[in-house]
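The block underneath contains the structure these notes are about, expressed in structure tokens.
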Amino acid sequence: MQSNKNIAVLGAGTMGHGIAQLYAMSGYQVILYDIDDAATQRGLVQIQTSLQHFADSGLIEKDTIQGILNNIQLTTSIQEAVSKASIITEAAPEILDLKYKLFQTIEAFASKDAIILSNTSSFAVEVLAQGIQHKNRFLITHFFNPAQIVPLVEIVANQESSPEIVSYIEHVMRVIGKEPVLLQKDKPGFIANRLQAALVREALHLLNEGVADAKSIDTAITAGPGFRWAFIGPLETADFGGLDIWRNVLNNLSPTLNNADKAPELLDSLVENQHLGIKTGGGIYDYPENSVSQKTVRRDRQFLLLNKLKKEF
């Protein structure tokens, strides 16, 4: 496995192009697949733009960009993508039947030793594994958007996953600059999305109750807990604060926290009226058409600076 540095990434969209970039930056030979040339070209343009941001942030040298791009080959043939790959990452839309069909095609053309990874963010590993014949070499590696910047990767093994392959994939994730965490149990939403969901639910509840406006609620996180969480998580924060103090805090606050078992009406209303966020020009905030790309670039550059700081730390 370690001698074969051929990687296939299936899907050049939001997550796939970032995953392909990560491998290419670490010297792997990547074949990036999508259903047509237009999709693969869009993915390549996004990689080129992202690499320029990396260079501008001092994370890579500008004269390395072309070499990284030379590590990426585009294709619209799944057979070509997977036939020589040692690691195959599926980054297709979250449609179970689509993933099952994709797995079937992968296993028809891939090497018998190829490791198959899914970037799913919503399906349980045992559900996905039902579409895999060789379950021993199948895992979830859940990257976070933007995949080429956010350090976290959640690894979820199925009941038949080879321990050697799990260990190897943890190693590979570190090689490409990620901070992998391995789940001990298969849990819907894994770790990070469960924690995010709890926080977003409470944030929307506070907004709906008129406790504060959206900007104040976001600032309360970015300038408060989020500032600390960039380096110490909520559990270590509790240790620093004192577990006796946190026991009192939780005993006092827990009865007042939102415990709804579905999305709040505020969110339902926004979605039903097609206020979906950046992709429609408005959600909780408004995004004028000419501001979306600027805000995305600003976000990515800020993330890169934080990433650089974390690496130095």
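The values are calculated or read from the model by the stated rules, or taken from the named source; none is laboratory data. This structure is a prediction, so every number in the text was calculated from the model and none was measured. So basically every Cβ, Gly included, is an ideal-geometry build from the backbone, and we count neighbours across all protein chains shown. These area figures cover heavy atoms from the full protein model, side chains too; ligands, DNA and RNA do not enter into them. Shrake-Rupley method; radii C 1.70, N 1.55, O 1.52, S 1.80 Å.
Couple of notes before you dig in:
- Residue check for A260: part of a helix (DSSP H, G or I), within 22 Å of Q196 (Cβ to Cβ) and either touching an Asp or Glu at 6+ places or on another chain (Cβ under 6 Å) or of a type in the set (G, A, S) (or both): no
- Considering only residues in segment 204-214 that are more than 16 Å from S269 (Cβ to Cβ) and surrounded by 13 or more Cβ atoms within 10 Å (Cβ to Cβ), the one that is farthest from the chain's Cα centre (by Cα) turns out to be A212.
- Considering segment 84-98, and only residues there that are among the acidic types (D, E) and not in a loop (DSSP other than H, G, I, E, B), the residue that is most open to solvent (accessible area, probe 1.4 Å) turns out to be D97.
- Residue list for segment 62-83, filter: farther than 21 Å from K178 by Cβ, surrounded by fewer than 14 Cβ atoms within 10 Å (Cβ to Cβ) and either within 22 Å of the chain's Cα centre (by Cα) or not small (G, A, S) (or both): K62, D63, Q66, N70, Q79
- The set of residues in segment 27-61 being within 18 Å of the chain's Cα centre (by Cα) and of a type in the set (S, T, N, Q) consists of Q46, S50.
- Residue in segment 34-46 that is of a type outside the set (S, T, Y) and touching a residue at least 60 places away in the same chain (Cβ under 8 Å) present: no
- Taking the numbered list (1) touching a strand residue (DSSP E or B) at 6+ places or on another chain (Cβ under 6 Å); (2) open to solvent by less than 80 Å² (accessible area, probe 1.4 Å) in turn, H275 passes all entries but (2).
- When each of D268, D300 is tested for being assigned to a helix (DSSP H, G or I) and touching a residue at least 24 places away in the same chain (Cβ under 8 Å), the lone residue that passes is D300.
- N145 meets each of the listed conditions (1) over 23 Å from L98 (Cβ atoms); (2) open to solvent by 40 Å² or more (accessible area, probe 1.4 Å) apart from (1).
Table: residues versus (1) aromatic (F, W, Y); (2) assigned to a helix (DSSP H, G or I); (3) on the phi > 0 side of the Ramachandran plot; (4) touching a residue at least 24 places away in the same chain (Cβ under 8 Å).
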| position | (1), (2), (3), (4) |
| --- | --- |
| T105 | no, yes, no, yes |
| L117 | no, no, no, yes |
| F123 | yes, no, no, yes |
| V156 | no, no, no, yes |
| E164 | no, yes, no, no |
| I169 | no, yes, no, yes |
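- Every listed requirement among (1) over 21 Å from P93 (Cα atoms); (2) part of a helix (DSSP H, G or I); (3) open to solvent by 30 Å² or more (accessible area, probe 1.4 Å); (4) in contact with a helix residue (DSSP H, G or I) (Cβ under 9 Å, 6 or more places away or on another chain) is met by I217 save one, (3).
- Checking each residue of segment 251-264 against the condition of being open to solvent by 100 Å² or more (accessible area, probe 1.4 Å), without any contact (Cβ under 8 Å) to a residue 40 or more places away in the chain and within 27 Å of L59 (Cβ to Cβ) gives no match.
- Given (1) part of a loop (DSSP other than H, G, I, E, B); (2) at pLDDT 95 or above; (3) of a type outside the set (S, T, N, Q); (4) surrounded by 14 or more Cβ atoms within 10 Å (Cβ to Cβ), number of the condition V200 does not satisfy: (1)
- Condition broken by P163, with the remaining ones in (1) open to solvent by less than 50 Å² (accessible area, probe 1.4 Å); (2) over 30 Å from T49 (Cα atoms); (3) in contact with a strand residue (DSSP E or B) (Cβ under 9 Å, 6 or more places away or on another chain); (4) not basic (K, R) satisfied: (1)
- Whether a residue is open to solvent by 50 Å² or more (accessible area, probe 1.4 Å), within 27 Å of Q294 (Cα to Cα) and in contact with a helix residue (DSSP H, G or I) (Cβ under 6 Å, 6 or more places away or on another chain) was assessed, and Q46 passes this test.
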